[in-house]
Ligand code: UDP
Ligand code: MG
């Protein structure tokens, strides 16, 4: 089989050389063992880095024909850089593996991925066995997010990031998903096909900082929910309906107090509380609806998910 490894890189100048050294050694071993063909390759996608990432990639490419490089015209974000690499490389390989540039993903898993592919799996997920090497914030927020996603009716593989193998067949199916608000972890399970998990322990970053600061993580999480589930909108409808029922009871009560019992209600506090409560719910609901309107707006324009500047 011809194997391709696709790696999105955003300001990863410190790590790529080491990653490349390890990957090339691994690929060479696998070629010698007859596990993969010698046309197998590694493709680095430079996602508009502002450091020397692209020169490092070109240097690696100059030294070895196994290396390909793709430079996007600006920073499009991890998911878009990944889809750029997958779509550009899918016709040159029987299967593609996507991984991060920071050596957090155990590269020896590549062999396991290939074995599973040969057993007939079209999709193989790399799943983290323990997250003890992540910081507490990331670990807890991730768990909470998986639970919330599940509650919202979205099926994802727990503790799986974007370290996976996709066969040519799966990639062709993926190409049919044209959405701009990409959340691959949600789309890949929707492809169907025969799939399985392989397990590994995630290491610390080899070099550099995380490229997912808190703000990007929150936006990514929003995409992971609002791009797949309309349940938040439904919850708003249900909450609205119950509030409406509640207010009918309230109105009846006020009318009885005023005209039947003759007690004028002095309730300033209760008035204020209900104004804040209803106000809060309304603004929140508008926000949630806005998330969906915003997404339809972006999708309706059908802009490209990535633009390629250079290809080597
Ligand atoms: N990345 C990217 N574009 C971005 C942000 C990140 O291509 O806008 C890449 C990054 O270089 C890395 C991968 O996506 O190879 C995952 O990012 P990172 O390792 O920083 O995320 P974490 O592991 O901290 O979740
Ligand atoms: Mg990482």
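The values are calculated or read from the model by the stated rules, or taken from the named source; none is laboratory data. It should be emphasised that the depicted structure is a prediction, and the values quoted were computed from it without experimental measurement. When we count neighbours, we look across all protein chains shown, and the Cβ atoms used for this are built from the backbone with ideal geometry, even at glycine.
Numbers below:
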item: Count of region 106-144 residues which are within 15 Å of ligand 2 (Cβ to nearest atom), part of a loop (DSSP other than H, G, I, E, B) and either modelled with pLDDT of 85 or more or more than 17 Å from residue 199 (Cα to Cα) (or both); result: 3
item: Matching residues in region 145-168 - criterion: being touching a strand residue (DSSP E or B) at 6+ places or on another chain (Cβ under 9 Å) and not in a loop (DSSP other than H, G, I, E, B); result: 160, 161, 162, 163, 164, 165, 166, 167, 168
item: Number of positions in region 145-168 that are away from ligand 2 (no atom under 16 Å from the Cβ) and closer than 18 Å to residue 7 by Cα; result: 4
item: Residue 233 in contact with a helix residue (DSSP H, G or I) (Cβ under 7 Å, 6 or more places away or on another chain) and buried (at least 17 other Cβ atoms within 10 Å of the Cβ); result: no
item: Yes/no for residue 55 being surrounded by fewer than 18 Cβ atoms within 10 Å (Cβ to Cβ) and closer than 28 Å to residue 220 by Cα; result: no
item: Selection within region 210-228 - crowded, with 17+ Cβ neighbours inside 10 Å and part of a loop (DSSP other than H, G, I, E, B); result: 211, 227, 228
item: Failed criterion for residue 49 (all others in (1) closer than 25 Å to residue 180 by Cα; (2) in contact with a helix residue (DSSP H, G or I) (Cβ under 6 Å, 6 or more places away or on another chain); (3) within 16 Å of ligand 2 (Cβ to nearest atom) hold); result: (2)
item: Residue among 230, 260 that alone is over 30 Å from residue 100 (Cα atoms), away from ligand 2 (no atom under 16 Å from the Cβ) and under 19 Å from the mean Cα position of the chain (by Cα); result: 230
item: Residue in region 186-201 that is free of Cβ contacts under 8 Å to residues at least 60 places away in the same chain, under 21 Å from residue 7 (Cβ atoms) and part of a helix (DSSP H, G or I) present; result: yes
item: Residue tally, condition out of contact with any helix residue (DSSP H, G or I) (no Cβ under 8 Å at 6 or more places or on another chain) and over 16 Å from residue 205 (Cβ atoms), over region 126-135; result: 3
item: Verdict on residue 42 being touching a helix residue (DSSP H, G or I) at 6+ places or on another chain (Cβ under 7 Å), modelled with pLDDT under 95, over 26 Å from residue 179 (Cβ atoms) and buried (at least 24 other Cβ atoms within 10 Å of the Cβ); result: no
item: Options 87, 30, 99; residue that is closer than 28 Å to residue 307 by Cα and either more than 16 Å from ligand 2 (Cβ to nearest atom) or out of contact with any strand residue (DSSP E or B) (no Cβ under 8 Å at 6 or more places or on another chain) (or both); result: 87
